Amino acid sequence: MFTRRHFLASLAAASLAPKLSAENAKPRTKIKLGFDNFSIRAMGWKAPQLLDHAASLKCDVLFISDLDAYDSLEDAALAEVRKKAADLGIEIYAGGWSICPTSARFKMSWGSAEALLRTGIRVAKALGSPVFRCVLGSMEDRKTPGGIRARMADTVKVLKSCRSLALDAGVKIAIENHAGDMHSWELVDLINEAGADYVGATLDSGNATWTLEDPLDVLENLGKYTYCSGTRDSMVWETEDGANVQWTAPGDGLVDWKKFAARWAVLCPQAPVCIETISGFAKSFPYKKPEFWQHYDKRPEAFAHFEALAKRGHALPPFKPDGPDKKKLEQEYQTAQLARAVTYLREVIGLGVKA
């Protein structure tokens, strides 16, 4: 159980930046550092407040991954957001959700899948975002008729319908490896089928472990296609039936971030590292049961790397706030996790352009 002692310790750790000596401090890289607004979803903030928070953390980039985070999608309102970002010296990366019309995750909030993608491209252009991030769905789509390959084909049709619009706008459509929907090699196939001239990847290092892959392997597979990111760590540990995965702030899990950053600088240095901390709960993957592999593509070498993570990991306490202060505790926890992540990646790993 995640006790109040654990919670207060996490807040204290996040509030204290490492006191690095001049000789130990990492030099600034040219890799931009920012965060996804989903990291602090409990705050319920809109774009102006998110920009202020990004400025307080000295971020280079703010990744607004949800169209609902804007007060209005009218061009004039988006122009105001763009100006505020420019005044703060922050680049905006824009995003939305599922563009697969047959995904369990698809919602008609913005009309058809094609309508959502067209809206997203327009919003990205208005904000000066080089990308519009979107997703296929989730691991539940692997169990649908035709499996994930059928859902990929449906997504490619939507992408191709908006090819000219994206190219004319100068906006890349960056598909995320999302919530266990696609293995990294499946996302590569989708990108190439749709057309790598206008489609690329949003690389999510946490979601890598939900497809039973090592995040470093996913970086190797997706790096050259990557335009955006959602970055967090993972703790993985063995169970009787397989393994549990619990996402953490970078530095609290099993990823070798120095190696990760070094490969990032080679494979996709133009892409920002955007933190998306989602912590406090574990998900079970019973891969020792034969029926599990009906829905996943088991590639022995890749899976061996994931199992190696599980052998090194250990269980973590969950975060389960309750009571009348639940929302406040969630807000404090999420803001603390984000601050901890920014501090670690900037001061220990050397990411970020701003000092």
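Each value in this text was obtained by applying a stated rule to the coordinates, not by laboratory testing. Quick caveat: nothing in here was measured; it's all calculated off a predicted structure. Cβ: placed from backbone, ideal geometry, glycine included. Neighbour counts: every protein chain shown.
Quick look at the values:
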read-out: Fewest-first sequence of C59, C268 by Cβ atoms within 10 Å of each Cβ; value: C268, C59
read-out: In order through segment 211-217: 3J(HN,Hα) via Karplus (6.51 cos²θ - 1.76 cosθ + 1.60), integer Hz, x for Gly, Pro; value: 10, 6, 10, 7, x, 5, 5
read-out: Radius of gyration and maximum dimension Dmax of segment 86-231, Cα, Å; value: 14.3, 49
read-out: Potential extension, D325-W185 segment - 0.36 nm per residue separation minus Cα distance; value: 46.1 nm
read-out: Table column - 3J(HN,Hα) (Hz), segment 270-284, Karplus curve with 6.51, -1.76, 1.60, x for Gly and Pro; value: 6, 8, x, 8, 9, 6, 10, 7, 9, 10, x, 9, 10, 10, 8
read-out: Derived scalar couplings ³J(HN,Hα) [segment 64-71; Karplus, 6.51 cos²θ - 1.76 cosθ + 1.60; whole Hz; x for Gly, Pro]; value: 9, 8, 9, 5, 6, 7, 9, 5
read-out: Cα centroid separation - segment 190-258 against segment 53-78, whole Å; value: 24
read-out: Prolate/oblate/rounded label for segment 56-162 (Cα gyration tensor, a/c 1.5); value: prolate
read-out: Under 25 Å from the Cα of K258 - lysines, other chains or at least 8 residues apart; value: K19, K26, K30, K32, K58, K224, K311, K354
read-out: Footprinting exposure proxy for D36, D189, D154 (fewest neighbouring C-beta atoms within 10 Å first); value: D189, D154, D36
read-out: Projected-area average for segment 113-189 over all orientations - Cα convex hull basis, square nanometres; value: 4.9
read-out: Ranked list, fewest to most other Cβ atoms within 10 Å of each Cβ, for M182, M235, M43; value: M43, M235, M182
read-out: Relative contact order computed over segment 213-308 (Cα-Cα under 8 Å; 6+ residues apart), in percent; value: 36
read-out: In nm, spacing of pseudo-spin labels at F292 and A315 (7 Å Cα→C-beta vector); value: 1.7
read-out: Nonlocal amide H pairs with V255, under 5 Å, H built at 1.01 Å; value: S234
read-out: Reciprocal of mean inverse Cα separation for the chain (Kirkwood radius, Å); value: 20.6
read-out: Interchain or long-range residues, amide H under 5 Å from N177's placed H; value: T202, D204
read-out: P(r) tail fraction, segment 228-331 - alpha-carbon pairs more than 18 Å apart, %; value: 60
read-out: Calculated FRET efficiency for the pair M108/N192, C-beta based, R₀ 25 Å, to 0.05; value: 0.30
